[in-house]
Amino acid sequence: MAPVPLPKYLRISRDIIAMIQSGKLSVGGLVPSENELIRRFRVSNTIARKALQEAEQTGWVVRVKGKGTYVRQTRVDRPITRILSFTRNMLEAGRTPTTKLIRTLVHKGEHQLIVNRRLYVLRGPLCQIERVRFSDGVPMMREIRYISLTFCPGIQKKPLEGSLYDLYERDYGLQLMEVDQTLSAVQVPEELLNVFDLEAPVPAFRVEGVTFCGKELILEMEDSIYRGDIYQFSVKATR
């Protein structure tokens, strides 16, 4: 019995992957566009689009809305066992971190968060900030943080495009003592697709956490979405 031929979009996708594996397409480089695939393989735009989607779903490329499709870089690794800022994490990975501040709000009330089955309460006044964090220009994480204005008075007036951890230490003399976090597997929500320059949802991590600057002294709370296709968390344990 003769083997069933692969669908055209799969054959094109495998050709793209073969070019990446052989080095003809380098990491961070542009992958042939839909129009280029249409001309080269004489296929419809539907097949060309499915070929690029297949290459993305298998982890070889990443599509950036309005810019094109790129050979995906290796995932950035974040060790869970360290208190590590996004900025420091990117620098250690050899990446260039940047930040876009979306909004800043000040609340008089409290914020509650359940982490590892424990209810934490951060009492006001609070500064709520929303930021998008980038690695080499690619949006990696959307974060919302609630910061105690008791420990960080006037922080809403500070430059908030850099490392908050560095800001806590440099301007307020605070040392981060402990972080309690939960990590869950989700997808990038539809309402955040534009934030991540995505056309369709991809796997993601949701991180909810509480950061302490002393025993039972809550400095901030976090609710962040990390792209799971280009970011990974790791833990090392011994017996």
Open item on the list: Given the DSSP H assignment, sum -39500 (n - 2.57) over each helix run of at least 4 residues in the chain and divide by its residue total; what's the result at 222 nm in deg cm²/dmol, nearest 500?
Closed with: -6500 deg cm²/dmol
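Would you mind calculating the relative contact order of the range 8-71 from Cα pairs under 8 angstrom and at least 6 residues apart, reporting the percent as a whole number?
42 percent
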Task: Identified option (computed log10 I(q)/I(0) by the Debye sum over Cα atoms at q = 0.08 Å⁻¹; candidates (1) -0.35; (2) -0.25; (3) -0.39) - done: (3)
TODO: Multiply the residue separation of GLU92 and GLN175 by 0.36 nm, subtract the distance between their alpha-carbon atoms, and state the gained length in nm to one decimal.
DONE: 27.8 nm
TODO: Calculate the length of the line joining the C-alpha centroid of the range 39-111 to that of the range 149-227, in whole Å.
DONE: 18 Å
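Each value in this text was obtained by applying a stated rule to the coordinates, not by laboratory testing. Since we're looking at a predicted model, the values are computed, not measured.
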